[in-house]
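Accompanying notes for the structure given below.
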Amino acid sequence: MVQGLWLAKGSSVSRLPAGAEAEMAKSLLTTSLSARTKLLQTGVSLYNTSHGFHEEEVKKILAQFPGGSVDLQKKQNGIGILTLNNPNKMNAFSGVMMLQLLERVIELENWTEGKGLIVHGAKSTFCSGSDLNAVKALSTPEASM
């Protein structure tokens with residue numbers, strides 16, 4: 001098992017000083033949660049309505065692209081394991097998986113015992129990207145209706 005936090009920059013990889021992992025994780029978590037919290041408190045949707053998208057419409061479009069799952073295990077030690085599970089397509093995100101990811105993130109935000117998260121792909125691939133059909137449907141909403 002590799003311990004510590006390693007930083008890849010260009011072709012070099014270096015280990016961050018001891019203690020930097022916790023500080024970096026805390027900073028990242030605080031920044032991302034506070035940004036999302038501010039958006040939710042102001043009533044702003046995480047979906048951009050200026051491009052003609054509304055949250056329920058986006059969810060409806062994504063639901064049309066099934067396959068795979070985003071699975072979450074919450075361990076008693078406070079470590080969560082998020083698995084991208086669509087191995088037949090190299091764990092590419094389907095529309096349904098995108099919706100499930102949102103649900104899992106909300107679940108993790110409310111998990112008060114959570115201390116860390118491991119994200120990995122099923123079988124031998126992390127994630128090959130997104131289902132391009134779902135991406136295309138979102139980029140041209142009139143084509144999906």
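Within the option set 139, 69, being surrounded by 13 or more Cβ atoms within 10 Å (Cβ to Cβ) and of a type in the set (Ser, Thr, Tyr) holds for one residue only, 69.
Among the candidates 32, 94, 45, 50, which residue alone is small (Gly, Ala, Ser), modelled with pLDDT under 90 and in contact with an Asp or Glu (Cβ under 8 Å, 6 or more places away or on another chain)? On inspection, the qualifying residue turns out to be 45.
The values are calculated or read from the model by the stated rules, or taken from the named source; none is laboratory data. Since the structure is predicted, the reported quantities are computational estimates derived from the model, not experimental observations. Note: ideal-geometry Cβ built from the backbone for every residue, glycine included; neighbour counts use all protein chains shown.
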